[in-house]
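Engineer: This is the structure, below, for whatever I ask next.
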Amino acid sequence: MSAPLPLLADPARAGLYLVAAADFGALAQAAREAGLLARQVDLRGCRGKTALLRRIAEALDFPPTFGGNWDALADSLRDLGWLPAGGYVLTLLRDAPLRHGDRTFDVLLDVLEEAALAWAERGVPFWALVAMPDTAG
């Protein structure tokens with residue numbers, strides 16, 4: 001899917017999307033205009049679960065008690081109480097080390113999708129926008 005700019009106005013469609021990295025600037029602007037908190041995670045050159053979790057934790061200002069594992073990431077993404085907002089747009093830049101078929105990347109996508117569903121149950125949009133591989137580098 002390319003540039004879901006109009007989708008940001010429809011919280012019922014929030015979730016996990018693959019988008020062109022070139023659209024991230026416009027998406028962040030649209031998020032701010034919609035009153036959503038936008039954060040970008042740069043995963044380019046990121047290798048391994050530990051580095052990936054650290055970059056996400058830094059981008060989202062996770063509390064120092066963050067456990068640095070998949071369960072802690074899932075819990076933190078479902079909470080975000082330290083970043084109060086009417087909704088969230090998380091953009092993730094990536095490159096070749098992180099791709100479909102890589103266990104770490106696939107688990108990350110599952111966690112992001114579960115977080116979006118958890119927020120949707122509360123009526124809060126959570127957008128996880130992941131750069132498509134051919135536009136992330």
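Since every read-out is calculated from the coordinates, none of them should be taken as a lab result. Quick caveat, the model's predicted, so the values are computed rather than measured. Neighbour counts are summed over all protein chains in view; Cβ atoms, including those assigned to glycine, are modelled from backbone coordinates with ideal geometry.
Engineer: What dipole magnitude, in Debye to the nearest 20, does the chain give about its Cα centre under +1 on Lys/Arg Cβ and -1 on Asp/Glu Cβ?
Structural biologist: Dipole about the Cα centre, nearest 20: 260 debye.
Engineer: Now a separate question. Out of residues 5 or more away from L37 or on other chains, whose amide H comes under 5 Å of its own, with H placed 1.01 Å from N in the peptide plane?
Structural biologist: Amide H neighbours of L37, under 5 Å, 5+ apart: G86, G87, Y88, V89.
Engineer: Then there is this: DSSP loop (so not H, G, I, E, B), at most 10 other Cβ within 10 Å: list which chymotrypsin sites (Phe, Trp or Tyr not before Pro) in the stretch 27-92 pass both filters. Working shown, then result.
Structural biologist: Numbers: sites: F66, W70, W82, Y88; in loops: F66, W82.
Qualifying residues, ordered by number: W82.
Engineer: Taking 7 Å along the Cα-to-C-beta vector as the label spot, tell me the E114-L83 distance in nanometres, rounded to one decimal.
Structural biologist: Inter-label distance under the simple model: 1.9 nm.
Engineer: Ok, one more. Could you tell me which helices of the chain pass both thresholds, a Cα extent of 20 Å or more along their own axis and a mean Kyte-Doolittle hydropathy of at least 0.0, with helices taken as whole DSSP H runs? Provide the component values of the computation, followed by the final result.
Structural biologist: Details: long enough: 103-121 (27 Å, 0.53).
Qualifying helices, which must be both long enough and hydrophobic enough, are 103-121.
Engineer: Sorting T104, T65 on the 10 Å Cβ count, fewest up front, what's the list?
Structural biologist: On the way: T104 18, T65 7.
Fewest-to-most ranking of T104, T65: T65, T104.
Engineer: Would you mind ranking R32, R44 so that the residue whose beta carbon has the fewest other beta carbons within 10 Å leads the list?
Structural biologist: So the ranking, lowest neighbour count to highest, is R32, R44.
Engineer: Next up: What list do you get for R47, R122, R54 if you sort them by fewest beta carbons within 10 Å?
Structural biologist: With the sparsest Cβ surroundings first, the list reads R122, R47, R54.
Engineer: Express in nm, to one decimal, how much length is gained between E33 and E58 on full extension, taking 0.36 nm for each residue of separation and deducting their alpha carbon distance.
Structural biologist: Here the segment from E33 to E58 would lengthen by 6.6 nm.
Engineer: Can you list the residues, at least 5 places off or on another chain, whose amide H is less than 5 Å from the amide H of L16, using H built in the peptide plane?
Structural biologist: A128
Engineer: Further question: Would you mind classifying the stretch 34-131 by shape? Square roots of the alpha carbon gyration tensor eigenvalues, ordered a ≥ b ≥ c; an a/c under 1.5 is rounded, otherwise it is prolate if a/b is larger than b/c and oblate if not. Walk me through the intermediate numbers first.
Structural biologist: Working: a/c = 1.62, a/b = 1.44, b/c = 1.12.
Prolate is the answer for the stretch 34-131, as a/c is 1.5 or above and a/b outweighs b/c.
Engineer: Something else: Under the rule of -39500 (n - 2.57) per DSSP H run of 4 or more residues, summed and divided by the residues of the chain, what mean residue ellipticity at 222 nm is obtained, to the nearest 500 deg cm²/dmol?
Structural biologist: Values: 4 runs with 50 residues, N = 137.
Estimated from H runs of four or more residues: -11500 deg cm²/dmol.
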